[in-house]
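What follows is one structure encoded as structure tokens, with my remarks underneath.
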Amino acid sequence: MARSQLIVTPTGTLSGFVAIEQPSTKFDDDGVYSCQVDFTGSDATGMKVAIDKLMKESLDAGEPRGVKRAANPPYTVADKVLTVKFKQKAKVKTRDGRVYEMAIKLYDATGREIEEELGLGTGSKVKVAYTSYGWAVAALGCGVTLQPGSIQVIELVKYEGASSNPFEAVEGFTAAEKETTPFEDTVDDDGDF
């Protein structure tokens, strides 16, 4: 199955790990842009129907090649919330050896492109413009990857990094403050210790 046309989601809420402004290199040295977006109500229903249709198209395209089962869809459902997973490789390599660097463009609520880094974090309200890519792998089945090309930020919630000290002061043990280290001992003028 080939890449589909550009689709724009309804407004959803970013959840989980967000790697949109900078790709994550944890599992892929070339980097992967990714995010999860939560949808509820009729928006969730519409997204699920659209993704299920893409999954069926992928299965239909994979059957002539001998792959006859569906892989897991790029979403989960829990407590009436549809969480959709989007991901895009940061570098795409072609068969002839060319490498294309990908990037996710960000736009504000008025549709103007954002040039500076936002610190886009969980809880932000966004719309995602994506294409789908169908695939068939014998071990996994037929599936679809939702590849974000751009994101419109409707409401920004900045990423709040983990504090280096998550504890507040309480009564109890207090460590003694050190003024010097044992490596700062002086040496006699004649070189003896």
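The values are calculated or read from the model by the stated rules, or taken from the named source; none is laboratory data. Given the structure is predicted, the values throughout are model-derived calculations rather than measurements. Glycine also receives a Cβ, built like all others from the backbone with ideal geometry; neighbour counts cover every protein chain displayed.
Side notes on the structure shown:
- Any hit, segment 70-79, residues being within 27 Å of GLU160 (Cβ to Cβ), assigned to a strand (DSSP E or B) and among the aliphatic types (A, V, I, L, M): yes
- Restricting THR110, THR174 to those that are at pLDDT below 90, hydroxyl-bearing (Ser, Thr, Tyr), loosely packed, with under 10 Cβ neighbours inside 10 Å and in a loop (DSSP other than H, G, I, E, B) reduces the list to THR174.
- Selection status of THR76, closer than 20 Å to TYR133 by Cα, hydroxyl-bearing (Ser, Thr, Tyr) and surrounded by fewer than 16 Cβ atoms within 10 Å (Cβ to Cβ): yes
- Residue match in segment 42-57 (condition: part of a strand (DSSP E or B), within 26 Å of THR11 (Cα to Cα) and in contact with a Gly (Cβ under 8 Å, 6 or more places away or on another chain)): no
- Residue match in segment 124-134 (condition: within 21 Å of ASP43 (Cα to Cα), in contact (Cβ under 8 Å) with a residue 24 or more places away in the chain and part of a loop (DSSP other than H, G, I, E, B)): yes
- Among all positions in segment 25-40, there is at least one residue which is within 23 Å of VAL157 (Cβ to Cβ), part of a loop (DSSP other than H, G, I, E, B) and either at pLDDT 90 or above or among the charged types (D, E, K, R) (or both).
- When segment 1-50 is limited to residues that are without any contact (Cβ under 8 Å) to a residue 12 or more places away in the chain and among the hydrophobic types (A, V, I, L, M, F, W, C), the one that is farthest from VAL92 (Cα to Cα) turns out to be VAL49.
- Scanning segment 95-102 turns up at least one residue that is surrounded by 17 or more Cβ atoms within 10 Å (Cβ to Cβ), in contact (Cβ under 8 Å) with a residue 12 or more places away in the chain and part of a loop (DSSP other than H, G, I, E, B).
- Any hit, segment 15-22, residues being surrounded by 18 or more Cβ atoms within 10 Å (Cβ to Cβ), out of contact with any Leu (no Cβ under 7 Å at 6 or more places or on another chain) and of a type in the set (Phe, Trp, Tyr): no
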